[in-house]
1. Got a number for residues in the stretch 68-88 being over 21 Å from P131 (Cα atoms) and surrounded by 13 or more Cβ atoms within 10 Å (Cβ to Cβ)?
2. With respect to L123, is the statement that it is modelled with pLDDT of 80 or more, more than 14 Å from the chain's Cα centre (by Cα) and in a strand (DSSP E or B) true?
3. Pick from the stretch 56-95 the residues that are part of a loop (DSSP other than H, G, I, E, B), aliphatic (A, V, I, L, M) and more than 17 Å from the chain's Cα centre (by Cα): which of them is modelled with the highest pLDDT?
4. Consider K51 against the criteria (1) surrounded by 14 or more Cβ atoms within 10 Å (Cβ to Cβ); (2) part of a loop (DSSP other than H, G, I, E, B); (3) in contact with a Lys or Arg (Cβ under 9 Å, 6 or more places away or on another chain): it satisfies all of them except one. Which criterion is unmet?
5. Condition test on P147, is it out of contact with any helix residue (DSSP H, G or I) (no Cβ under 7 Å at 6 or more places or on another chain) and either more than 13 Å from G22 (Cα to Cα) or at pLDDT 90 or above (or both)?
6. Does E37 meet the test of being modelled with pLDDT of 95 or more and of a type outside the set (S, T, N, Q)?
7. Looking at the stretch 23-64 only, could you name the residues that are touching a residue at least 60 places away in the same chain (Cβ under 8 Å) and within 25 Å of A125 (Cβ to Cβ)?
8. Out of all the residues in the stretch 96-113, which are assigned to a strand (DSSP E or B) and out of contact with any Leu (no Cβ under 9 Å at 6 or more places or on another chain)?
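The values are calculated or read from the model by the stated rules, or taken from the named source; none is laboratory data. Quick caveat: nothing in here was measured; it's all calculated off a predicted structure. Neighbour counts are summed over all protein chains in view; Cβ atoms, including those assigned to glycine, are modelled from backbone coordinates with ideal geometry.
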Amino acid sequence: MRHEPHVPGPPPSAGHGPSDTGLAVALARTAGQRLLELRHELADRSGDEVKQRGDQTAQQVLAAGLSAARPADAVLSEEATDDRARLDAARVWIIDPLDGTREYSEGRHDWAVHVALWQDGELTAGAVALPGLGAVLATEPAPAVPPRDPDAPCAWR
C-alpha cells in the first residue's frame, strides 16, 4: 500500500487558513512525520536509496502543501529546479526538505526539515522540525535569546 502524504489544510476554526508561521510549522511537522514513516518502510534498503527517497518524499509533501495553501507564492528548494520567477516575487518560501540526508539514512536523530518565508526583503516566518527529537522550533513565539557576553569564550575560535 502506498502512503500518500497528508498535507495540512486550514484549521476548521481559522476561516482564512493558518498564519505563515502556522503553515511553516504544520508543513515541517508533516514532512518530518512522513520521513520517519518512510525510513521505517525502507529499513532494509541501501543508504543511498533511503537518502534519495527521503529527499523526494519530503519535497513532494512541502511542495504540495505550499501549492495548496499559498499558490501565488514562489518557492526556492534545495531539491527542486529553480524557478527564476522567485527573483521578482514579494513572497518566497525557502525550503530544505531533508537537511542531513546522511544522518537520516543512518537512522540518526540529527536531521531536520526547514521551512521559511522571505517576504519583501526579510525573513518573516519559519520552522525547523527535528522529527528524531520530537521537536519543532518556530519563529512564533520567537525564542528569547540572552544578550551576548563579549567576555565569554567562543568555542569556534
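1. Residues in the stretch 68-88 being over 21 Å from P131 (Cα atoms) and surrounded by 13 or more Cβ atoms within 10 Å (Cβ to Cβ): 10 in total.
2. Taking the combined requirement at face value, the residue satisfies it.
3. Ranking the candidates gives A72 first.
4. Tallying (1) surrounded by 14 or more Cβ atoms within 10 Å (Cβ to Cβ); (2) part of a loop (DSSP other than H, G, I, E, B); (3) in contact with a Lys or Arg (Cβ under 9 Å, 6 or more places away or on another chain), K51 fails exactly one: (2).
5. yes
6. Yes, satisfied.
7. Selection gives L23, A24, V25, L27, A28, R29, A31, G32, Q33, L35, L36.
8. D96, D99
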